[in-house]
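The values are calculated or read from the model by the stated rules, or taken from the named source; none is laboratory data. Everything numeric here is computed off the predicted structure, so don't read it as measured data. Glycine also receives a Cβ, built like all others from the backbone with ideal geometry; neighbour counts cover every protein chain displayed.
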Amino acid sequence: MLTRRVIPCLDVDHGRVVKGVSFVDIRDAGDPAELAAFYNAEGADELVFLDITASSDARNTMVDVVEKVSSEVFIPLTVGGGIRSVDDMRKMLEAGADKVSVNSAAVANPRLVEDCAKEFGSQCVVLAMDVKRVDDPILGNFEKYGEVPAEALFQIVTHGGRRPTALDAVKWAKLATESGAGELLVTSMDTDGQKSGYDNELLRVISRAVTVPVIASGGAGQLDHFYDALVEGKSDAVLAASLFHFGELRVSEVKSYLAERGIPVREV
Amino acid sequence: MTENYNNPRIVVLNTRAANVHSVEKALRKVGADPVVTSDPAELASADAAVLPGVGASDAVMKALNTLKMVEPVKEFAASGKPLLCVCVGLQVLFESSEEGELAGLGLVEGTVQLIPTGMTDDLGFAMKVPHMGWNEVQFTEDEENRNRLFRGIPQGSHFYFVHSYRCVPDKRAEIAATTNYGVEICAAIAQGNVVGTQFHPEKSGEVGLQIYKNFLDLAATMSSSPNGTK
């Protein structure tokens, strides 16, 4: 049976992992390759590296990171952050990324997903979407994506949640997958960092709206949150960052917990 | 060009597919020194070759046609030297695919079909297409009877898959491994020296690297055999 995936996410700034794992005996908690190897040994099914480097001149540092990690660790590697063009994506794929995620740039340029999918195939293209619940949706006509339904519950925000858009999350998910996104990384900006659980309602409506796998992100704080995101949220994979980095939970614990409750996982 | 017993010439065919570099890195990790190339002459002089592929079968066939590699790949397969085909590299071994317009290499008889959509698994999860993630692989033979590339790998190991189409060979005996995704999925084909995996060994952790290790060992025997190459 296809297993559900557990995915640690690492933020990289100028080639160094920020919030690096602080609870185990690791020589250099900021070294991406060393952390990748650690998570691989813990049973991580995939890794996501997010480049949070603000300056574009440091972009090539991320290419080096991807090159190094993918020479050491042989599980799927998704790279995101600052990807704005087909060429940006090509650089990451050639460096050894298996998938590349696009976020704000895809909202600004709705052809980006389609162009990347045509060039490299849908399996390489992950749409990362940052979502917020709304009481009064911002109505409007977003590019070619049409009117926002007045009953919209979830809307897309960009630039780390700072910038709202007139884009309905469910509609965006459908359109991006029709344009060629092969996977969705869905982050709730309401639950992110709260450790109170994923937004399972959001995950469920997105997952039901599309045929591609959905990765749950934002809000994991304890073991049952992962289970709920899979069972209630109908997600295909669960992602967490600081929870793993600070050792509050280990990837291996999450997988054992899920396995005990009948969720198929890959045990290492 | 140096002849080296310990260092067989392994070629990774550059089909412009996104996993070419991952395959190269996995081979390096197990101690090989592969050459990534789209030169038919390099292929002809190799001890072993890998045909990678992701994305669409037409993209891989288009690359092989453009590079004038179709006949050289067929000749290589007929030479008896190890040829490992990965993912879409496996699918293009067939005569045709439901996915594409271009004819495949026709080295394996059978069809490549879209994985049925709209199924749910025992837990009520929607079975999405693409089939993406780690799935459990059952080899059709016991350890000692398996193709050499699959030795030393526990039955039921998980491998990483990403695909929307599945291979259905006419001869069941050519299926070396299966996995289940609502329907039976052919996870690997073995036809003597020609082996194909639907999963990505270069992305399947230790068990995947074991396949590349076996492949390197096999290539080394070709390079040392008097009738092997050159």
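Brief remarks follow.
- Unique residue being over 19 Å from the mean Cα position of the chain (by Cα) and outside any loop (DSSP other than H, G, I, E, B) when the list is A:GLU151, A:GLU94: A:GLU94
- Only listed residue being at pLDDT 95 or above, more than 9 Å from chain A (Cβ to nearest Cβ), within 29 Å of A:LYS99 (Cα to Cα) and surrounded by 23 or more Cβ atoms within 10 Å (Cβ to Cβ), chosen from B:PHE139, B:PHE161: B:PHE139
- Some residue of segment A:171-183 being within 29 Å of B:THR179 (Cα to Cα), more than 14 Å from every other protein chain (Cβ to nearest Cβ) and among the acidic types (Asp, Glu): yes
- The strands (runs of 3 or more DSSP E) located wholly in segment B:121-230 that include 2 or more residues which are of a type in the set (S, T, N, Q) occupy B:175-181.
- Counted residues, segment B:37-59 - those being under 29 Å from A:CYS116 (Cα atoms), touching a Leu at 6+ places or on another chain (Cβ under 8 Å) and among the hydrophobic types (A, V, I, L, M, F, W, C): 3
- Residue that is farthest from A:GLY219 (Cα to Cα) [pool: residues in segment A:115-142 that are part of a loop (DSSP other than H, G, I, E, B) and among the aliphatic types (A, V, I, L, M)]: A:LEU139
- Condition met for A:ASP25 (at negative phi, modelled with pLDDT under 75 and not small (Gly, Ala, Ser)): yes
- Applying the criterion of at least 3 residues that are modelled with pLDDT of 95 or more and small (Gly, Ala, Ser) to the helices (runs of 4 or more DSSP H) found wholly in segment A:211-268 leaves A:251-260.
- Of residues in segment A:154-183 being modelled with pLDDT under 90 and outside any strand (DSSP E or B), the one surrounded by the fewest Cβ atoms within 10 Å (Cβ to Cβ): A:ARG162
Yes/no matrix, rows are residues, columns are (1) aliphatic (A, V, I, L, M); (2) on the phi > 0 side of the Ramachandran plot:
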| position | (1), (2) |
| --- | --- |
| B:ASP47 | no, no |
| B:LEU51 | yes, no |
| B:ALA63 | yes, no |
| B:ALA77 | yes, no |
| B:LEU84 | yes, no |
| B:GLY104 | no, no |
| B:GLY118 | no, yes |
| B:GLY133 | no, yes |
| B:ASP142 | no, no |
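- Residues in segment A:190-205 that are buried (at least 23 other Cβ atoms within 10 Å of the Cβ) and under 14 Å from the mean Cα position of the chain (by Cα): A:TYR198, A:LEU203.
- Scan of segment A:206-218 for residues that are hydroxyl-bearing (Ser, Thr, Tyr) and either under 16 Å from the mean Cα position of the chain (by Cα) or closer than 11 Å to A:VAL238 by Cα (or both), ordered by number: A:SER207, A:SER217
- Annotation note: of A:GLU34, A:GLU72, the sole residue that is farther than 24 Å from A:LEU185 by Cα, at pLDDT 90 or above, out of contact with any helix residue (DSSP H, G or I) (no Cβ under 7 Å at 6 or more places or on another chain) and of a type in the set (Asp, Glu) is A:GLU34.
- When segment A:60-89 is filtered for residues that are basic (Lys, Arg) and surrounded by fewer than 17 Cβ atoms within 10 Å (Cβ to Cβ), only A:ARG84 remains.
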